[in-house]
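Input: a single structure, listed below in structure tokens.
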Amino acid sequence: MRIEIGRKIEKYIKAKINRLLINKDDFTIVSNNCWGTFIYKKFGIPYQSPFVNLVIFAPDYIELLENFSIETLNKLSFIEHKDSRHKEELMCLSIYDIDYPIGILDNKYELHFLHYPSKEDAQDKWLRRVKRMNLDKLIFKFSDGDKFENSMAKRFDNLKFKNKVCFVAQEFQDLPSVITLDKFRGSKRVHDEWKHSDKQFDVVKFINTMKTNEELL
């Protein structure tokens with residue numbers, strides 16, 4: 001018990017110190033996995049995005065970003081695992097039989113709420129956090145897992161959003177927003193990029209110099 005309390009205090013203090021390094025705390029992170037979750041925790045900032053504690057398969061995610069709107073984010077419903085377009089991948093990942101809710105936006109883009117106990121909880125938190133989004137300070141993050149195809153790197157780089165980053169294992173030429181993580185070179189994909197991107201991606205500088213998305217909605 002004391003060890004657990006000590007770790008919580010240590011994390012709290014680290015987050016407070018990290019918070020002093022950034023010049024804003026009202027940004028919204030849109031991410032295909034838990035990267036945003038860890039960034040908010042790193043700086044001790046409350047979640048200001050619905051894109052936390054979930055996974056979105058790459059084909060759904062890139063299409064969602066290409067058609068990004070608050071209207072779409074509010075069109076949330078739920079499907080059964082058997083109706084997922086990614087059912088085969090769920091079986092390969094051994095999560096098909098795990099009882100977690102799968103949301104779907106506008107009947108097109110699946111949201112895999114891996115860390116939510118029920119549809120009701122997922123829906124309540126998703127819709128509340130949509131309302132918290134700061135559309136003027138958006139950060140978009142992508143990575144090369146979960147049915148990622150190489151063409152998606154260029155599609156992501158071509159997005160109009162000003163503040164974006166994509167972490168990959170392969171080398172892509174002339175795509176400014178795409179970063180090849182040295183730790184995963186030669187691998188099929190990156191893993192836990194929130195742990196391994198610090199040497200090549202300065203998240204503090206990225207936040208402090210981010211531009212507002214005046215063109216967005």
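A short reminder: the numbers here are calculations on the coordinates, not readings from a lab. Computed from a predicted structure; not experimentally measured. Neighbour counts are summed over all protein chains in view; Cβ atoms, including those assigned to glycine, are modelled from backbone coordinates with ideal geometry.
Across 23, 74, 33, mean-square fluctuation computed from a Gaussian network of the chain (C-alpha pairs under 10 Å connected) peaks at 23.
Positive contributions from Lys and Arg (+1) and negative ones from Asp and Glu (-1), summed over other residues with Cβ under 9 Å from the Cβ of residue 52, come out at +2.
What does the charge count near residue 93 come to, summing +1 for each Lys or Arg and -1 for each Asp or Glu among other residues with Cβ under 12 Å from its Cβ? Before the final figure, lay out the partial values.
Values: positive: 87, 147; negative: 88, 89, 97, 146.
With Lys, Arg at +1 and Asp, Glu at -1, the net is -2.
Annotation for the stretch 74-149 versus the stretch 172-194: alpha-carbon center distance of 23 Å.
Nearest 20 debye, what's the magnitude of the dipole of the chain about its Cα centre given +1 on Lys and Arg Cβ and -1 on Asp and Glu Cβ? Don't skip to the answer; put the middle values down first.
Working: 37 positive and 33 negative charges, 210 e Å.
With only Lys, Arg, Asp and Glu charged at Cβ, the dipole is about 1000 debye.
Antiparallel beta bridges, as assigned by DSSP with both residues in the stretch 25-208, represent about 45 percent of the total such bridges.
Stretched out straight at 0.36 nm per residue, the stretch from residue 82 to residue 14 would grow longer than its current Cα-Cα span by 20.2 nm. So which residue, out of 50, 117, 101, gets the largest mean-square fluctuation from a GNM of the chain using Cα contacts under 10 Å as springs? In this elastic network of the chain, the residue with the biggest mean-square fluctuation among 50, 117, 101 is 117.
Each label point was placed 7 Å from the Cα along the Cα-to-Cβ direction; for residue 196 and residue 154 their separation is 2.6 nm.
At a Förster distance of 30 Å, what's the computed FRET efficiency of residue 121 paired with residue 174, Cβ-Cβ distance as r, to 0.05? The pair residue 121/residue 174 has a calculated efficiency of 0.10. So for the chain, considering every pair of alpha-carbon atoms, how many percent are separated by more than 27 Å? Of the Cα pairs, 33 percent sit more than 27 Å apart.
Computing FRET efficiency as 1/(1 + (r/R0)^6) for residue 74 and residue 182, where r is the C-beta to C-beta distance and R0 is 41 Å, gives about 0.55.
In deg cm²/dmol and to the nearest 500, what is the mean residue ellipticity at 222 nm of the chain if only DSSP H runs of at least 4 residues count, each as -39500 (n - 2.57), divided by the residue total? Before the final figure, lay out each step's value.
Working: 9 runs with 76 residues, N = 217.
Result for the chain: -9500 deg cm²/dmol, rounded to the nearest 500.
Taking label positions 7 Å along the Cα-Cβ direction at both residue 128 and residue 23, the computed distance is 3.3 nm, reported to one decimal. Taking each residue as 0.36 nm, the span from residue 136 to residue 97 lengthens on full extension beyond its C-alpha to C-alpha distance by 10.1 nm.
Straight-line cross-link reach from residue 82 at under 20 Å between alpha-carbon atoms covers these aspartates and glutamates, not counting any fewer than eight positions away in the same chain: 60, 97, 99, 106, 110, 120, 146.
Give me the net charge for the shell around residue 118: Cβ to Cβ below 13 angstrom, other residues only, Lys and Arg +1, Asp and Glu -1. Write out the running numbers ahead of the final one.
Working: positive: 119, 125; negative: 99, 120, 121, 124.
Surrounding charge for residue 118 is -2.
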